[in-house]
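K.L.:
Let me give you the structure first, and then I'll get to my questions.
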Amino acid sequence: MDEILKERYLLACERVGELNGDENSFFAALAGRCSFLVKCNDLAVSGKLSELGLQELANLNKEAYTELARDYETSFANPAYAEKTVGKKVGKLLSALYSYAFRYIPAAFSGDTEVLTIYMELVLEIYSQYVQDGFNSAAIGNAIYYYHHDYCHELMLRKQKLARDPNCNIPLKLINENDISKPDYLYKTGLYVSDNETGTHEFINSLSDEEINSIALTFAGGYERGFYAAGIDYSERKIVELRYPLGYERIIKRAIEIFEEQGKSFVMYFDPASGAGVVSTSPNRQFDYDHRNDNVLYLDGRYKEVYLSALTEAYKSLASELTVYAGPACLESFGEADFDPVNKPECLSPDSEQTALLVSMKNEGARILRQYLDMTKRSFTIMALPCSEIGTDFKEIFSEIIKVNTLDNDLYKKIQQNIIDLLDAGSFVHVKGKGNNKTDIKVVLHKLGNPEKETNFENCTADVNIPVGEVFTSPVLTGTSGILNVSNAYLEGTEFKNLTLHFKDGMVEDYSCDNFETEEENRRYIFENILFRHETLPIGEFAIGTNTTAYAVAGKFGIWKKLPILIAEKTGPHFAVGDTCYSDMEEVRVFNPDGKEIVAKSNEISDLRDTDRNKAYFHCHTDITIPYDELDFIRVYNEKGEAVSIIENGLFAVPGTEELNAKILCS
């Protein structure tokens, strides 16, 4: 720590400490949160954090997160309580300020003195304004505004170094320096540790070395196969980004050993605000939901310029790392408790101009990244495992999901090729629901120039997307029209009830769901979480899932709500709204196992990439699956109007797919 930063930090600590007994309840509470951050930071910097015993570490974690996990209704982190306590005009602002104290807990456990100093200086600035002028919403808003503008470059560089530079790998350091068979390690991350994390950790450590090795090989092997399947030179890519949930370290450590044998290094990081990197169960998902739009406090055209400038400088400084970046290897967990969000009028919300700015910033940020990272030379893999919170059948479910993740690739390759051969002979597909499912949609396929050497559908095995089990394509948008409806869609752990999307020429034209009492709330929910604030999105993917084993497991244990998209998309036909599966990689030639080249990698929107990339990509892709039992038929029609059935009454009708139906019928 340099002397200037040390002096600033000590002064901020002293002044914040003086606020602990302030008569104003808000500042007294906020000073308490800051003092806790200081305590953890000092323990980390001095090395004493690593010497603490299990109970001391558990007590620290409790002190860190109990306010969110159990006392949220009376916390200033709750915008509703903040408004009630300090007033309507300033409640939103002060609640946002207070929420940062929880986002910075992992930084404190990592000994990041700089970021804590900057935050405490903001707190002290707002307190000084309060002493002079009371709660002045304009003054508080300006302080928060300039905090984000003035420190954008420093904070952006810090964030990108953690995400891109192997020398800044704090999670790896923790894994290497601790006995990960003991739960002590979990608490040293600064992430929230619940019964879910400790239960998962205990179970993973009960598995044999052979079982751990098998899971790690499936995970790392899928990553490597993804490069070969795309024709990318794996040996040139040196940095693997590892993302995983707390509690699965034993699997990750074995995967690291496998990657190291291949000559790879790693980036791993903590970033609770983004939900990426190394993550844990949220202490309170309503807290996350309440603060999802806090960036409106500083979001304007000027901030966009500062943000993009900071992003450019950060990428430029990390150009050598980005040149050899391989892509993310993501181990995900599923099974957490259900969450039904509550919309609160006290929460911040972007206006139309800010919504447009958010979309523009995302597009521009992706464009800048492409200047330093060749997207055609990177790949990824994703694999999901259940966590202990899934219920009393956790161990049995885990065992069944391992089977799902390790199904015979060669068997599915043959079965799926039978389906692809029929689809490639068609010009469009008709998908229709049954019973209460109102799905009725026509999907137009690309015309193959040379059917002997070309195909529309990728024969998807277990590489970038584990498990095996789908054939997918990028539809032609013109003529692709109709209704997509599912009784329940589970996206990122959130249920969409009676979700309905209307498409015209491949674009979302209208939408609805039944989550909230008012149409306005329901539309806003879809706008934010499926359209990601775009006025419309195209159908980027049409697929037919073939993993009926996963379908049977979900039915047997009643875990439909718990399945991640990664597995759920393989349990029926699905449509993705947003970009195609080949976004930014359209020029990479991809071949199926039978040697045919996949030519349906683009659509009328992504074709704009050569003239206006900002209009070509949306940087989102959300899969929505229709379960087999809500499906009447999938039929493919040739140019003469003759139909061939792929699925009839929820069962596969293609010769050679009989084995798939056995799992459906027994579920």
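K.L.:
Given the options Ser282, Ser317, name the one that is within 24 Å of Asp112 (Cα to Cα), assigned by TED's automatic domain parsing to the domain that holds Cys330 and surrounded by fewer than 19 Cβ atoms within 10 Å (Cβ to Cβ). Don't jump to the end; show me each part of the working.
P.N.:
On the way: Ser282 fails: surrounded by fewer than 19 Cβ atoms within 10 Å (Cβ to Cβ).
Of Ser282, Ser317, the one residue that is within 24 Å of Asp112 (Cα to Cα), assigned by TED's automatic domain parsing to the domain that holds Cys330 and surrounded by fewer than 19 Cβ atoms within 10 Å (Cβ to Cβ) is Ser317.
K.L.:
Working carefully through the options Ala600, Ala554, find the one that is farther than 29 Å from Leu357 by Cα, touching a Leu at 6+ places or on another chain (Cβ under 9 Å) and in a loop (DSSP other than H, G, I, E, B).
P.N.:
Numbers: Ala554 fails: in a loop (DSSP other than H, G, I, E, B).
Ala600 is the lone residue from the list that is farther than 29 Å from Leu357 by Cα, touching a Leu at 6+ places or on another chain (Cβ under 9 Å) and in a loop (DSSP other than H, G, I, E, B).
K.L.:
Any idea which of Tyr119, Tyr151, Tyr104, Tyr127 is hydroxyl-bearing (Ser, Thr, Tyr), over 27 Å from Asp71 (Cβ atoms) and touching a residue at least 24 places away in the same chain (Cβ under 8 Å)? It would help to see each step written out before you state the result.
P.N.:
Working: Tyr119 fails: over 27 Å from Asp71 (Cβ atoms); Tyr104 fails: over 27 Å from Asp71 (Cβ atoms); Tyr127 fails: over 27 Å from Asp71 (Cβ atoms).
None of the other options fit; the residue is Tyr151.
K.L.:
Oh, and also: Does Leu484 qualify as being among the hydrophobic types (A, V, I, L, M, F, W, C), surrounded by fewer than 24 Cβ atoms within 10 Å (Cβ to Cβ) and touching a residue at least 40 places away in the same chain (Cβ under 8 Å)? Walk me through how you get there before you give the answer.
P.N.:
Numbers: among the hydrophobic types (A, V, I, L, M, F, W, C): yes; surrounded by fewer than 24 Cβ atoms within 10 Å (Cβ to Cβ): no; touching a residue at least 40 places away in the same chain (Cβ under 8 Å): yes.
Spelling it out, it is not the case that Leu484 is among the hydrophobic types (A, V, I, L, M, F, W, C), surrounded by fewer than 24 Cβ atoms within 10 Å (Cβ to Cβ) and touching a residue at least 40 places away in the same chain (Cβ under 8 Å).
K.L.:
Taking only region 129-174 into account, find how many residues are in a helix (DSSP H, G or I) and either among the aromatic types (Phe, Trp, Tyr) or touching a Pro at 6+ places or on another chain (Cβ under 7 Å) (or both). Steps first, answer last, please.
P.N.:
Taking region 129-174 and keeping what is in a helix (DSSP H, G or I), we get 129-133, 137-150, 152-164, 166-168, 170-174.
Checking the rest, the ones that are also either among the aromatic types (Phe, Trp, Tyr) or touching a Pro at 6+ places or on another chain (Cβ under 7 Å) (or both) come to 130, 145-147.
Selection size over region 129-174: 4.
K.L.:
Quick check: anything in region 207-217 in contact with a Ser or Thr (Cβ under 8 Å, 6 or more places away or on another chain) and under 29 Å from Gly47 (Cβ atoms)?
P.N.:
In the first step, residues of region 207-217 are kept if they are in contact with a Ser or Thr (Cβ under 8 Å, 6 or more places away or on another chain); the result is 214.
Within this subset, residues satisfying the condition of being under 29 Å from Gly47 (Cβ atoms) are none.
There is no residue in region 207-217 that is in contact with a Ser or Thr (Cβ under 8 Å, 6 or more places away or on another chain) and under 29 Å from Gly47 (Cβ atoms).
K.L.:
Taking into account only those residues within region 607-634 that are out of contact with any Asp or Glu (no Cβ under 8 Å at 6 or more places or on another chain) and of a type in the set (Lys, Arg), which is surrounded by the fewest Cβ atoms within 10 Å (Cβ to Cβ)?
P.N.:
Once the filter is applied, the top-ranked residue is Lys615.
K.L.:
Among the residues of region 560-582, write down those that are among the aliphatic types (A, V, I, L, M) and not in a helix (DSSP H, G or I). Quick ask: steps written out before the conclusion?
P.N.:
Start the filter on region 560-582 by keeping residues that are among the aliphatic types (A, V, I, L, M), which leaves 563, 565-568, 576-577.
Listed by number, the residues that qualify are Leu563, Ala576, Val577.
The rows are residues; the columns are (1) in a helix (DSSP H, G or I); (2) surrounded by 16 or more Cβ atoms within 10 Å (Cβ to Cβ); (3) not hydroxyl-bearing (Ser, Thr, Tyr).
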position: Asn343; (1), (2), (3): no, yes, yes
position: Leu348; (1), (2), (3): no, yes, yes
position: Leu358; (1), (2), (3): yes, yes, yes
position: Glu364; (1), (2), (3): yes, yes, yes
position: Gln371; (1), (2), (3): yes, no, yes
position: Thr376; (1), (2), (3): yes, no, no
position: Ser379; (1), (2), (3): no, yes, no
position: Ile382; (1), (2), (3): no, yes, yes
position: Glu389; (1), (2), (3): yes, yes, yes
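K.L.:
Now for a separate question. Say whether the condition of being modelled with pLDDT of 95 or more, more than 30 Å from Lys316 (Cβ to Cβ) and either out of contact with any strand residue (DSSP E or B) (no Cβ under 9 Å at 6 or more places or on another chain) or not assigned by TED's automatic domain parsing to the domain that holds Lys377 (or both) is met by at least one residue in region 231-249.
P.N.:
yes
K.L.:
Considering only region 21-46, state which residues are loosely packed, with under 13 Cβ neighbours inside 10 Å and modelled with pLDDT under 95.
P.N.:
Gly21, Glu23, Ser25
K.L.:
Still on this structure, please answer the following. Give, as residue ranges, the strands (runs of 3 or more DSSP E) completely inside region 452-541 that count at least 2 residues that are of a type in the set (Lys, Arg) and in the same structural domain as Phe618 (by TED's automatic domain parsing). Spell out the reasoning first.
P.N.:
Numbers: elements: 458-460, 470-473, 476-491, 494-504, 507-512.
Of the strands (runs of 3 or more DSSP E) lying wholly inside region 452-541, those with at least 2 residues that are of a type in the set (Lys, Arg) and in the same structural domain as Phe618 (by TED's automatic domain parsing) span 494-504.
K.L.:
Working only within region 620-667, note down all residues that are in a loop (DSSP other than H, G, I, E, B), under 25 Å from Val444 (Cβ atoms) and of a type in the set (Gly, Ala, Ser). Show your work before the answer.
P.N.:
Here is the first cut: in region 620-667, the residues in a loop (DSSP other than H, G, I, E, B) are 620, 626-627, 638-642, 649-650, 653-657, 666-667.
Keeping just the survivors that are under 25 Å from Val444 (Cβ atoms) gives 620, 626-627, 638-642, 649-650, 653-654, 657.
Of everything in region 620-667, those that are in a loop (DSSP other than H, G, I, E, B), under 25 Å from Val444 (Cβ atoms) and of a type in the set (Gly, Ala, Ser) turn out to be Gly641, Gly650, Ala653.
K.L.:
Please identify the pairs in which a residue from region 294-318 that is more than 19 Å from Ala356 (Cα to Cα) has its Cβ atom under 7 Å from the Cβ atom of a residue that is outside any helix (DSSP H, G or I) and modelled with pLDDT of 95 or more, counting only partners at least 6 apart or on another chain.
P.N.:
Listed by first residue and then by second, the contacts come to Leu318/Asp165.
K.L.:
Further question: Go through the residues of region 211-221 one by one and say whether even a single one is modelled with pLDDT of 95 or more, under 21 Å from Cys387 (Cα atoms), part of a loop (DSSP other than H, G, I, E, B) and of a type in the set (Ser, Thr, Tyr).
P.N.:
No, because not a single residue in region 211-221 is modelled with pLDDT of 95 or more, under 21 Å from Cys387 (Cα atoms), part of a loop (DSSP other than H, G, I, E, B) and of a type in the set (Ser, Thr, Tyr).
The values are calculated or read from the model by the stated rules, or taken from the named source; none is laboratory data. Since we're looking at a predicted model, the values are computed, not measured. Virtual Cβ from ideal backbone geometry, glycine too; neighbours counted across all protein chains shown.
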